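Below is one structure, written out as structure tokens; the observations come after it.
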Amino acid sequence: MRSKWITVLAGLIATVVLVSVVIGLTSPDGSVTDGDTAKPSATATTATTPSPTPTATTPSPPAKPARPTAARAPASVRGPWPGRPDSVTLDGDRVDWCPAVRTTGATEAVEVFGKAAVDDAACAAVRFIFGKRYSRLAIPRDSYDAQDLDFVLPALASSTTAAFRPRVDAFVADPDSLDVREELGLVVLRGDGTLAGATRTSAGSGRVFYGTAYSADGYRDRAVWINPRWSKVAISVDRSKAEPRIVAVLDAAAAVPVFNPAERRDDMLTVPTHAMFFLRKEGSSWKVGGWRITSGTYDYARLTLR
């Protein structure tokens, strides 16, 4: 009887061990139910995707400024009158100098002509300086035709136009004559000192004009004159004629870009002016009835827009 109980007890122990093994295999970290998500063991390692190695970027070198060349004036002098005073206004390519013009000593003229007329006359004087005297005609050429100076005529009084034409003819016949050029009242540079066969035209003091000799191709799409500056316009009344005229006196200056071969740089040649204009009213406009214009000493410096 005792042996029978021993047999039953041994069977129960075997059954308990088998159930424990089964439980241990199915639930190593605890019970699992349908609503749970399996969790990794604390000792388990999780594979990770390596981060991409940053790609080194090499910064682009700064663009080098174009090296100055005698072939063409620099792009900095494009547009109408670079370096002009801020109060000078533009309408497209048309320059309006009047907002920047100031007068002095105009009391008598204002009494005779009125303030608006005096201001208009002073502006006409400044306009002649920077629209006629300092013009593209300044770049030396081999020769000239009379029509090359037609752009001056609209600024002149009718009686002055008749007197101006013989001066034009004299200039066309002998452009190298300094006296003839001064009679025109215009800046006309002749490239004195240019050697025969030279590829560039001399601008004096070791400088040259841009482009091929005795042509304006080096100033294509570039301004010939820059940095216009002028004084207040001194106004008085001239009563020597049957009708009184306004006298306008001013000092002015402008520079033409030139090239410095020795320094391989852009320079400028500044030409100063002292001018006296006799102005008369024709229709609604003030016209130049005569002038006395002289040039001061030319000056060279590195090209700088003011």
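The table that follows gives values for the structure above.
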| read-out | value |
| --- | --- |
| Tally, over the stretch 129-186, of residues that are in a helix (DSSP H, G or I) and without any contact (Cβ under 8 Å) to a residue 60 or more places away in the chain | 31 |
| Identity of the residue in the stretch 218-248, in contact (Cβ under 8 Å) with a residue 60 or more places away in the chain and out of contact with any strand residue (DSSP E or B) (no Cβ under 9 Å at 6 or more places or on another chain), that ends up farthest from R78 (Cα to Cα) | R220 |
| Residue count for the stretch 204-226, restricted to those that are surrounded by fewer than 21 Cβ atoms within 10 Å (Cβ to Cβ), out of contact with any helix residue (DSSP H, G or I) (no Cβ under 6 Å at 6 or more places or on another chain) and in a loop (DSSP other than H, G, I, E, B) | 9 |
| Checking D251 against (1) over 23 Å from L149 (Cβ atoms); (2) part of a loop (DSSP other than H, G, I, E, B); (3) without any contact (Cβ under 8 Å) to a residue 60 or more places away in the chain; (4) open to solvent by 70 Å² or more (accessible area, probe 1.4 Å), the condition it does not meet | (2) |
| Complete set of residues in the stretch 104-123 that are open to solvent by 10 Å² or more (accessible area, probe 1.4 Å), in contact (Cβ under 8 Å) with a residue 24 or more places away in the chain and under 29 Å from L149 (Cα atoms) | A117, D120 |
| Within the stretch 238-256, tally of residues that are in contact with an Asp or Glu (Cβ under 6 Å, 6 or more places away or on another chain) and not charged (D, E, K, R) | 1 |
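Yes or no, residue by residue, for (1) open to solvent by 30 Å² or more (accessible area, probe 1.4 Å); (2) of a type outside the set (A, V, I, L, M); (3) within 25 Å of A70 (Cα to Cα):
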| residue | (1), (2), (3) |
| --- | --- |
| P140 | no, yes, yes |
| F151 | yes, yes, no |
| R167 | yes, yes, no |
| D176 | yes, yes, yes |
| L189 | no, no, yes |
| D192 | yes, yes, yes |
| L195 | yes, no, yes |
| R200 | yes, yes, yes |
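The values are calculated or read from the model by the stated rules, or taken from the named source; none is laboratory data. Every value quoted in this text rests on a predicted model; they were computed, and no experiment measured them. Cβ coordinates were reconstructed from backbone atoms using ideal geometry, including for glycine residues, and neighbour counts include every protein chain displayed. In case anyone asks, the SASA skips ligands and DNA or RNA and just uses the protein heavy atoms, side chains included. Shrake-Rupley method; radii C 1.70, N 1.55, O 1.52, S 1.80 Å.
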